[in-house]
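Just so it is clear, none of the values below were taken in a lab; they were calculated from the coordinates. Note that the structure is predicted; figures quoted are calculated from it, not measured. Positions of Cβ are backbone-derived with ideal geometry, glycine not excepted, and every protein chain shown enters the neighbour counts.
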Amino acid sequence: MDGIHDLGGMAGFGAISYEENEPVFHEPWQATAFALNIVGIGVLRNHNADEYRHSIERMPPVHYLQACYYERVLTGAATLFVEKGVVTKEELEERAGGAFPLASPNAPDPMAELEPQPVARFTKGDRVLVKDIHPAGHTRVPRFCRGKTGTVLHVAPAFSFPDAAAHGGAFRKEHTYHVEFASTDLWADAGADNESVIVDLWDSYLEGVDA
Amino acid sequence: MSTPTNIASPKARTEALQSALADKGLIPEGALDAVIHTATEDWDPENGARVVARAWTDPDFKKRLLADATSACAELGYEGIQGEYIVALEDEPERHNVIVCTQCSCTAWPVLGLPPDWYKSPEYRARVAREPRKVLKEMGLDLARDIAIRVWETSAETRYMVIPCRPEGTDGWSEEQLAALVTREALIGIALANPA
Ligand SMILES: [Fe+2]
């Protein structure tokens, strides 16, 4: 989805605050929220990592930006426990003693039509074009590189295709590619000739470009 | 969109989810503590620093690390969740590497640890791909104009670590001494290895 999570290249953000000797968790509840999600994925098999990422992407944008990282983790995990029928929102709100905001529902038709690519179609040095897709559901192709052409630096192993895995789609594995884009091809107003961005992209997201 | 005014604190919400799951018997004894222990004790940027120090001192290890960082890190015992496919990025005097995950906040947990807040912030995620030289300068790393920058977006399953250049004046140093020069910030690429 073209959501708030897809932040790469967005303007208007200010200085990055940096904390010396930052602890892993600032407060105990953050550790618990992190662990509840990991146990929800790895032990309870309530949800997978792609459903989890997408549950956070579905948070209303204002809540997403206001929440710290671990509040987003909590909100995403709680949304999936509610959606899978393990707990109810009412039960959570009663226990919390106040409102428990969750993510918005999944889109009814979440996946772009992308033909499965079980065999690697590209190799190091190939020029590839990123399809200009805008699925309503989960995808891992950032907006800033859609419709752009880059060069394959490396072919990575085949991994589960997240757009399908996030929405109960048929399991499919595809190779991913480290595709290098010149910054000046991504943003006309920013970047320099010797700056580039390498994006890790699944085979389905790409099409070949004749040299 | 209705905006509730009585939103429970994140702490109260976390306790609500935890107790709801626990009362249904869904959380195995010790499961949460085990995750928290791993996250705070095992996943540590000092692990990545040891990998870098080994690469600086052992050319065969460095060759293996650049060819297959997952196995090379596993040789030192660093593997597991979010370390299933690690790629090491070697800095060169004329080309610098920096890592981001613009869409969430992925990192190689076993070698870098859970990422710090600045890495997870909307500011870093929005800005570093588009204006890396400016962001690095703001964070204390002023790279000369002729040094190329590669920004690595962690958009799929590859988890990256940066191998910074070995500082001058460290000939003959032990692995332990060298590892102490490598911070989490250097492993992500917003800093260099500390000079000797
Ligand atoms: Fe991420």
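Phi angles across the range B:128-145 convert, under the Karplus curve 6.51 cos²θ - 1.76 cosθ + 1.60 with θ = phi - 60°, into 3J(HN,Hα) values of 5, 5, 7, 9, x, 5, 5, 5, 4, 4, 4, 8, x, 10, 9, 7, 4, 4 Hz, Gly and Pro given as x.
Only helical runs count toward this figure. For chain B, summing -39,500 (n - 2.57) over DSSP H runs of n ≥ 4 and dividing by all residues gives -10500 deg cm²/dmol at 222 nm.
As a size descriptor, the averaged projected area of the C-alpha convex hull of the range B:124-196 was calculated at 5.8 nm².
Each peptide in A:198-210, B:5-17 receives the mean, over its residues, of other Cβ atoms within 10 Å, and ordering these scores from highest gives A:198-210, B:5-17. Computed over chain A, the per-residue total of -39500 (n - 2.57) for DSSP H runs of n ≥ 4 gives a 222 nm mean residue ellipticity of -8000 deg cm²/dmol, rounded to 500. Placing unit charges on the Cβ atoms only, positive for Lys and Arg and negative for Asp and Glu, gives chain A a dipole magnitude near 500 debye about its Cα centre.
Restricting the calculation to Cα atoms, every distinct pair contributes to the Kirkwood radius of the range A:91-196, found to be 16.5 Å.
Can you give me the C-alpha center-to-center distance between the range B:65-101 and the range B:1-52, rounded to a whole angstrom? A separation of 27 Å, based on Cα centres. Packing-based ranking of A:114-120, A:183-189, B:86-92 yields B:86-92, A:183-189, A:114-120, ordered from highest to lowest mean Cβ neighbour count within 10 Å. Applying a 4.7 Å Cβ-Cβ cutoff to the protein assembly as shown, the cysteines left without a disulfide-compatible partner are A:Cys68, A:Cys145, B:Cys73, B:Cys104, B:Cys165. Per-residue mean of foreign Cβ neighbours for A:94-103 is 6 (Cβ atoms of other chains, 10 Å radius).
Of all beta bridges that DSSP places with both ends in the range B:44-188, some 10 percent have antiparallel geometry. Each pair of Cα atoms in the protein assembly as shown enters the Kirkwood radius, and Stokes-Einstein at 37 °C and 0.692 mPa s then converts it into a translational diffusion coefficient of 149 µm²/s.
Here the simple spin-label model places points 7 Å from the Cα toward Cβ, and for A:Val43 and A:Ser104 these points are separated by 3.4 nm. Neighbouring Cβ atoms from other chains, within 10 Å of the Cβ of residues in B:33-46, number 3 on average. With all pairs of different C-alpha atoms in the average, the Kirkwood value for the hydrodynamic radius of chain B is 18.4 Å. Note on chain A: the alpha carbon radius of gyration divided by the globular reference 2.2 N^0.38 Å gives 1.14.
Phi angles across the range A:180-194 convert, under the Karplus curve 6.51 cos²θ - 1.76 cosθ + 1.60 with θ = phi - 60°, into 3J(HN,Hα) values of 9, 10, 5, 3, 5, 7, 8, 9, 5, 9, 9, x, 9, 4, 9 Hz, Gly and Pro given as x. Across all directions, the average flat footprint of the convex hull enclosing the Cα atoms of the range B:39-87 is 3.2 nm². The long axis of helix A:28-42 is offset from the longest Cα principal axis of chain A by roughly 60 degrees.
Ranking A:Leu153, B:Cys101, A:Asn48 by Cα position along the charge dipole of the protein assembly as shown, where only Lys, Arg, Asp and Glu carry charges on their C-beta atoms, puts A:Asn48 farthest toward the positive end. Computed from phi, the 3J(HN,Hα) profile of the range B:79-84 under the Karplus parametrisation 6.51, -1.76, 1.60 (θ = phi - 60°) reads 7, x, 3, 6, x, 6 Hz, with x in place of Gly and Pro.
Among the lysines of chain A, pairs at least eight places apart or on separate chains and with Cα atoms under 21 Å apart come to 4. Rounded to the nearest 5, what is the percent of antiparallel bridges among the DSSP beta bridges in the protein assembly as shown? Of all bridge pairs located within the protein assembly as shown, approximately 55 percent are antiparallel.
With equal scatterers on the alpha carbons only and no solvent term, can you work out the Debye log10 of I(q)/I(0) for the range A:1-106 at 0.14, 0.16, 0.18 1/Å? These q points yield log10 I(q)/I(0) values of -0.61, -0.79, -0.97. Around the amide H of B:Val87, modelled in the peptide plane, lie the amide H atoms of B:Arg159, B:Tyr160, B:Met161, all under 5 Å away and 5 or more residues distant in sequence or on another chain. When each of the peptides B:67-75, A:132-140 is scored by how many other beta carbons lie within 10 Å of its residues on average, the order from highest to lowest is A:132-140, B:67-75. Per-residue shielding of A:67-74, expressed as the average number of other chain Cβ atoms within 10 Å of the residue Cβ, stands at 5. For the range A:156-209, the Kirkwood estimate of the hydrodynamic radius, built from every pair of different alpha carbons, is 12.8 Å.
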